[in-house]
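Structure first, commentary second.
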Amino acid sequence: MSRPQPPVRVRSVSKLYRRMAPGFRLRTLKSALVERSLVGGLSAAESIPAVQDVSFEVAAGEAFGLIGSNGSGKSTLLKLVAGILQPTSGEVIVDGRVAALIELGAGFHPEISGRENIFINGSVLGLSRRQIEERYDEIVAFSGLEDFIEEPVKNYSSGMYVRLGFAVAVHTDPDVLMVDEVLSVGDEAFAHRCLHRIEELLAAGKTLLFVSHSLTLVEDLCDRVLWMDRGVPRLIGEPRRVVDAYRESVAESEGRQHQKAKEEAEAEREAEDPAGPRRWGSGAATIRTARLLVLGESGAAVERYHLETGESVEFEMTVEVDRPLEDFVFGIGIATPRGTEVWGTNTELGGWKGSRLEGPAQVRVRCPDLRLAPGEYRVDLAVHASDGAPYDYRQGAFSFVVSAPEQQVGLYAPRHEWSFSSAVSWAEVGSTTESEEIKHE
């Protein structure tokens, strides 16, 4: 007996858009014929690849997530599966009734009432008028818009649009439901109602394609996840692995941006008076360079501005003086971008008393297990006298980003483990499928 085909099958799908900038708008018949061997008849120079060579299948009863940054092709891919767009190349096969919540307010006429829009939208999604009439009360009750159902939809808020659209979609008995970020517009109570309804559909063997920037929600809801990056599939598989890989990539990108910003800021400081709104002091000592070093298992130090919580790091500064100093204190502080102090110390608090400082001098503070929660942090550095008079205070000498394999609350992420008495029991975690890396020649 042959196994049933998955209801969603995407095979080598690409979608190109023509560039509309000046110089790309006009093409001759001759150029189109000459370039007809290219995908869509467009050359690489005159096309924008929104989706490139994507393949996957989604089984009945499976929740399939799509993640990635803005512009990565998630919504375009969902529209291709929904049939709203046609692929430039490749094949999309969807079996069964499809309900898609992709754009806020899509399918609604703003000048007519919510009641009339229910009938129009339900008809578009494949229901007969009799079927809509039978489900009308349930749809309105689910949306919670009883007091506004006779009002023109143009008077609805964005949250009310979502309520009405989702209520209609899930009451059409879809075989495939597609949801693109619209749940984030509604209030929390309605979002819980939607998720409960989605779970019911999945339990009934329906299929879900889900796009969201809420990575925690994607991990909790989805069975498999596809990470899209600038139109190209990067990784597909078990949610935790794919989400962690995506988070690490985002942290690395932010780290590179911080490194670039740091270098630009240092170059600007070299050209300006060192005393400024984010830097002040007498100038008796000057912090010339500042770096964050991440230490590997071998002890080798690498300059890096993204790290996993718990990594071993060193904060380094190079200090120069015009003449030797006998009274000096080195300080460091870590804060959030909004100025909340996370941690700070100085050599005086550590029991060190200055004797003589000759430049250039290198100062490092090592944290063998920096357990900060995920987020962005600012580093302040200082050299000052023992009475607090600043020689050089650099606020925001550099920034860095911390990522972690699990979500945390607060700023500190201590090592921890749970334990329970025999009176506590837990449901078994479902088996996970092995993730597969998507490679491109």
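Applying the criterion of being surrounded by fewer than 10 Cβ atoms within 10 Å (Cβ to Cβ) and among the acidic types (Asp, Glu) to the residues of region 406-436, the residue that is modelled with the lowest pLDDT is Glu434.
State yes or no: is Ser355 outside any strand (DSSP E or B), in contact with a strand residue (DSSP E or B) (Cβ under 7 Å, 6 or more places away or on another chain) and surrounded by fewer than 15 Cβ atoms within 10 Å (Cβ to Cβ)? Lay out the reasoning, then the answer.
Numbers: outside any strand (DSSP E or B): yes; in contact with a strand residue (DSSP E or B) (Cβ under 7 Å, 6 or more places away or on another chain): no; surrounded by fewer than 15 Cβ atoms within 10 Å (Cβ to Cβ): yes.
No: the conditions fail for Ser355.
A search for C-beta distances below 6 Å between a residue of region 47-75 that is surrounded by fewer than 17 Cβ atoms within 10 Å (Cβ to Cβ) and any residue that is assigned to a helix (DSSP H, G or I) and at pLDDT 90 or above, counting only pairs 6+ apart in sequence or on different chains, returns Gly61/Leu202. Residues that are touching a strand residue (DSSP E or B) at 6+ places or on another chain (Cβ under 9 Å) and farther than 20 Å from Cys194 by Cβ within region 126-149 comprise just one, Gly126. From the list Gly351, Gly331, the lone residue that is at pLDDT 90 or above and at positive phi is Gly351.
The single condition among (1) farther than 27 Å from Ser253 by Cβ; (2) in a strand (DSSP E or B) that Gly283 does not satisfy is (2).
Does Arg18 fit the bill of being at pLDDT below 85, surrounded by fewer than 16 Cβ atoms within 10 Å (Cβ to Cβ) and either aromatic (Phe, Trp, Tyr) or in the same structural domain as Glu151 (by TED's automatic domain parsing) (or both)? Considered against the rule, which asks whether it is at pLDDT below 85, surrounded by fewer than 16 Cβ atoms within 10 Å (Cβ to Cβ) and either aromatic (Phe, Trp, Tyr) or in the same structural domain as Glu151 (by TED's automatic domain parsing) (or both), Arg18 comes out as yes.
Yes/no per residue for (1) of a type in the set (Asp, Glu); (2) assigned to a helix (DSSP H, G or I); (3) more than 30 Å from Ile112 (Cα to Cα); (4) not assigned by TED's automatic domain parsing to the domain that holds Val124:
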| site | (1), (2), (3), (4) |
| --- | --- |
| Asp173 | yes, no, no, no |
| His192 | no, yes, no, no |
| Leu195 | no, yes, no, no |
| Phe210 | no, no, no, no |
| Pro233 | no, no, yes, no |
| Arg241 | no, yes, yes, no |
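The values are calculated or read from the model by the stated rules, or taken from the named source; none is laboratory data. Every value quoted in this text rests on a predicted model; they were computed, and no experiment measured them. Backbone-built Cβ (ideal geometry, glycine too); neighbour counts: all protein chains shown.
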